[in-house]
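Here the structure comes first, spelled out in structure tokens, and everything after it is commentary.
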Amino acid sequence: MHHQIFITLPAKDLARTKAFWQALGYGLDPKFSGDNAVSVILGEHIRLMLANEETFMHFSHKAVCDTSQALEVLHALSFDSREHVDALIAKARAAGAVVPDEAEDHGFMYAQGFYDLDGHGWNCCAWSTPADC
């Protein structure tokens, strides 16, 4: 079993990216943050590591994905209610995210997504009952 999950993504402008995630209401973990990277607390055991592109290249020997042309992965965040999804989408839009589609209500799942300032894709979902997730 894993103790924590760290998602590491490149950021073109680390200060702007840090401000974006703080505007969405997420806290930062100072022990994993510094001049070249910032750790965003997504959950008790989930951290989003955002590194400037030069630092990111130390972790990956492959080119950084051009997110204006392609999407390498789509992340999904689970929420307690559709109101929480709507609130985060509103904050993301106000902070400069691209929200490409209207929310979808499938009965058992309510979802909407956004692309952050670096073009990384995030889906936000609320399930009809906790047992559904």
Which residue, ALA87, ALA23, ALA70, has the most motion in a Gaussian network model of the chain that connects Cα atoms within less than 10 Å?
-> ALA70
For a label point 7 Å along the Cα-to-beta-carbon line of ARG16, residues of the range 50-74 with backbone N under 20 Å = 50-57, 64-72
Modelled label reach - HIS84, point 7 Å along Cα→Cβ, the range 31-56 residues with backbone N closer than 13 Å | 42-44
Can you tell me the accessible area per residue over the range 1-98, all protein chains present, probe 1.4 angstrom, in square angstrom?
-> 65
For the Cα atoms of the chain, what angle does the longest principal axis make with the long axis of helix 14-23, in degrees from 0 to 90, nearest 10?
-> 20
In degrees rounded to 10, the 0-90 angle between helix 82-94 Cα long axis and the longest Cα principal axis of the chain is 40
Mind checking the dipole of the chain: about its Cα centre, +1 per Lys or Arg Cβ, -1 per Asp or Glu Cβ, Debye to the nearest 20?
-> 380
Along the dipole axis of the range 9-133 (charges at Cβ: +1 for Lys and Arg, -1 for Asp and Glu; origin at the Cα centre), the most positive-end residue among THR17, SER68, GLY96 is THR17
At a 1.4 Å probe, what is the % contribution of carbon and sulfur to the accessible area of the chain?
-> 54
With Cα springs under 10 Å, the Gaussian network model of the chain assigns the largest mean-square fluctuation among LEU50, LEU74, LEU117 to LEU74
Sequence of CYS125, CYS65 from largest to smallest accessible area, 1.4 Å probe | CYS65, CYS125
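The values are calculated or read from the model by the stated rules, or taken from the named source; none is laboratory data. Keep in mind it's a predicted model, so treat the numbers as computed, not measured. Positions of Cβ are backbone-derived with ideal geometry, glycine not excepted, and every protein chain shown enters the neighbour counts. For the accessible areas, the whole protein counts, side chains as well, though only heavy atoms, and no ligand, DNA or RNA atoms are used. Shrake-Rupley method; radii C 1.70, N 1.55, O 1.52, S 1.80 Å.
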